Structure formats: structure tokens, C-alpha cells
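> Here you go, one structure.
No value in this document is a laboratory result; all are computed from the given coordinates. Just so we're clear, the structure is a prediction, and the values are computed from it rather than from any experiment. Note that we place each Cβ from the backbone using ideal geometry, even for glycine, and neighbour counts take in every protein chain shown.
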């Protein structure tokens, strides 16, 4: 079996004019080819890595037969981001963030979506291993949904966890205007948290009157670290509070909905532990203090309230200045703290031997003039690499720039193997990884889901400025596919 990636068909600007109109903003943008480096001489090691991966998470969903159906409309709306000031937004069902949709593992989720915006749009299910036709990438997995049109998204999520849905058309504007929400896939058996709370973090660039600054995709934002707002909200509130009783054990599902800004979460008193990253349970729970969530990323935190009333703050300090995100008010009569082992995934492979395996694909990230490039190529001309399912693939991200790049892969999870030549025992599967200045990061994956999948920087101005490509996972041979 050939384990190396294969170069796909070259796409020209003429071929992809509809995609350009749907996916990118006014900036001319760029998408990518890849370099194949693997020698194929390490087949034995790769076979061991694949065997270690077996059972790490489900290859396919197991439908229960239950269907959860929702009706969602994207349309203009008015909200108060800052108290006393009206802000005109684009919203799912009139609220920002969009509603939290909760299903149980095995449920089929059906969203009857209608577009009442003045522009075309789609919905992307960030982190969910959906069938490729449901991924919401216009011109690749579906046509853009025009004003006044409808589309039904339907899939059975194979993984329990916290996921993020958002527009994937002109995202620098549409996500910034409010088109995002959360999908929670709950385990079939609850472990008994006192509360299970979604915390969607966003930052807003507003004028003094409360209006959204419409200077989207300006050259400074595109060539620097994207658009950072001056007002930070949690669940749409700039003075967010959580109320709990003494002794309660709470699961906090943090989602970074910002178009560009990372957050470094701080938990000092009481201590807290991370149990899931990007929706997937970690191998072993770890301290939540200084947990970094880049745009689009998620982190689930297990925290026990103090046994006496009082208040404490959850803050973030990615840019060194501490900013309050949530004030936690501990009030009322005490309760017995639920006693159970924190959820974990002990099947996550160690993959220590992967450090010595050849790199199959490299993405070189750079700023060329005013455009972001991957391997020197610009969207919409690209050569999609092909990889085979069920095969260990090693990918290298090389940041030849001084800017941040949270690189996000649709449709697959991966594990960080090494950063700047140093092995990383990550113990977690992710759908994105943050690169700092001059970073070289190696990740490993075993692709399970066939299709043409987008891979891009989730600083959305960088994606609009060219940092985006596609990776094709080929279909299984019919004789290998499960009956």
C-alpha cells in the first residue's frame, strides 16, 4: 500500500470564480499545495502507530434512530452588546451567540436552515466529523445558500463533545456580525455534573454608538494578527456572571468565537482541570490554568465551587493584561460535591515513535507581499493533496512569519507530536493547533472520513488573505468498507 500523499488536480482561477465569490472577501486570496517528504521506508513504524490508534475514537457513527430537528433562520437582528446601546447584527434565530443545540451521542441532528440575510451564506460544523456534503464550504461541499433559500443539514455526530457552528462565507464579516453558535453532543450516560454550562467568548469592534465597525478585512488586520475587538463578551454579555451553590461541580464548555483573538484562561482559586480539548476527552485531565484556546478552539473545564459563599473571577491574559471574562457568584446553601472520576479517553495513543517517522506533507506559511501563502501558492489556484483513510499521516506546519496562525483542519482530528524539534506528549486530539513566530509543529493523524476537506488559518483575515487549502481523503476500497 502506498502510504504517501498524492498531489491532486490543479485548480485554476477560472475554475473557481464561484468559490472565490463565495468564500473570500474583497482581498485577493491564496490556497495551497503541499510538499511530500515521506520516504516510505518506515512502514513498520507506521503500522505500529496505526495499531496504537485503533479504537481511539469511533470510525463511524452509531445512529440510535432518534432525530433532533430544529428550524434556524439567519437574519438581521438588534441586540445589546454593551448595555444601553443597540447593535445591528446578523444572527441565527435572532440571538448572538446562536442557540446551544444539544443532542445525545447517537442522535441524528437535522437543521432546517433558511437564509434571510441580504447576502449568501452557509453553516460549517466546526470540529464535527460530518459527511463531507454537510461541511458547509461553498463551492466545494455545497453551493452557497442564496438570500431567501433554504438548506437542510443532517448528520449523526460520531463523537461526544463541544462543537462550534458558524458561517463559512465571507467569514471575516459574517462571523464578526454574529453568525455562530454551539452544538453540544452529550454522552449517552451522564456522569452527574451539578451544572453543564456553555461559555462562548467573543470580542467586538464597536463604534462609540454601539455599531459594528464595518472596516472588515483591512490591510493591517490581514497582514498582522487579524481583527481584535475592544469589548469582550461571554454568551453575549460584557459583564457575564455564573451563579452556583457552594460545593457544586460544574462543567464549563469554553468556545472561542473570535475571528482572530486567542485567550489564555486563568483558574487560580478554586483549581480546575481540563477534561476535553476541541470537543474530545483528553487522555488524562490536566490543570486548566493558562489553558490556551485559539479562534475556533474549545476547552471543557471541570471546576468545583468553594464550600463557602463568595465570588471569584475567571480571567484571560494572552496579551499579558488580565481581562475578566466571568464573575462566579457562589451563593446559597451548600451541596454535597458530586464524586466521580473526571471523564477521560484512555485510548488516546502515545505515538512516541512518530517523532522519528518521515514527514508526509508540509505546509509552509508565509506572507508574500500583502498575501498569505502556503507553500508559495495563492487561492484559488491549488493542488489538493490526497491521503488514504486508516493510514498514519505526518503533517508539518512551518511558520515562516512573525504572526500567529491557528491552523484548523476540517473533518479530521490530529495529535501534536513535536514543536520546534522537541517531542510533545500532548495526550489530546485536536482540530486546530496554534503556531507562534517561526514555529515548526508536527502533527499526526489517521484519517477516517472521506472527502475534500478545507485546511486554513482560523485567524479569518489570514484565511481571507490566502492561507487556506484542501486535503482530500480518498474513499475506502469497496471491499474494505464495512457492510
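> What distance in nm separates the simple spin-label points at residue 436 and residue 320, each placed 7 Å from Cα in the Cβ direction?
1.3
> What Kirkwood Rh does the chain have if only Cα atoms enter the pairwise 1/r average? Answer in Å.
Working: mean 1/r = 0.0439 Å⁻¹.
By the Kirkwood definition, the hydrodynamic radius is 22.8 Å.
> How large is Rg over Rh for segment 317-464, taking Rg from the Cα atoms and Rh as the Kirkwood inverse mean of 1/r across Cα pairs?
1.07
> Same structure again: What do you get for Rg/Rh over segment 41-134 if you use C-alpha atoms and the Kirkwood form of Rh?
1.17
> Let me ask something else. Quantify how much of the Cα-Cα distance distribution of segment 195-330 extends past 21 Å, in percent.
Considering segment 195-330, 43 percent of its Cα-Cα pairs are separated by more than 21 Å.
> Determine, for 364, 394, 437, the number of other Cβ atoms within 10 Å of each Cβ, and report the residues in order from fewest to most.
Ascending number of Cβ neighbours within 10 Å: 437, 364, 394.
> Calculate, for residue 80 and residue 475, the FRET efficiency according to 1/(1 + (r/R0)^6) with r their C-beta to C-beta distance and R0 56 Å; round to the nearest 0.05.
E(calc), rounded to 0.05, equals 0.70.
> Add -39500 (n - 2.57) for each DSSP H run of 4 or more in the chain, then divide by its residues: what number comes out at 222 nm, to the nearest 500 deg cm²/dmol?
Here the helix-only value at 222 nm equals -1500 deg cm²/dmol.
> Over the Cα atoms of segment 164-250, what Rg and Dmax result, in angstrom?
My reading of the Cα-based Rg and Dmax gives 17.0, 50 Å.
> Quote to one decimal, in nm, the extra length available between residue 100 and residue 358 on full extension: 0.36 nm per residue of separation minus the C-alpha distance between them.
Net length gain for the segment: 88.7 nm.
> Any chance you could tell me what percent of the C-alpha pair distances in segment 67-186 go past 25 Å?
Roughly 19 percent, rounded to a whole number.
> Would you compute the Debye intensity of segment 434-483 from its alpha-carbon atoms alone, equal scatterers and no solvent, and pass along log10 I(q)/I(0) at q = 0.32 Å⁻¹ to two decimals?
For the requested q values the scattering log ratios are -1.19.
> Per 10 Å bin, what percent of the C-alpha pairs of segment 263-387 does each bin hold, from zero upward?
Distribution as computed: 10, 25, 27, 21, 11, 6, 0 percent.
> Tell me, what is a quarter of the convex hull surface for the C-alpha atoms of segment 404-457, in nm² with one decimal? Walk me through the numbers on the way to the answer.
Values: hull surface 15.1 nm².
Average projection, Cα convex hull of segment 404-457: 3.8 nm².
> Moving to a separate point now. Which of 304, 474 comes first, and how do the rest follow, when ranked by fewest Cβ neighbours within 10 Å?
Fewest to most other Cβ atoms nearby, the residues stand as 474, 304.
> So for 228, 204, fewest C-beta neighbours within 10 Å to most, what's the order?
228, 204
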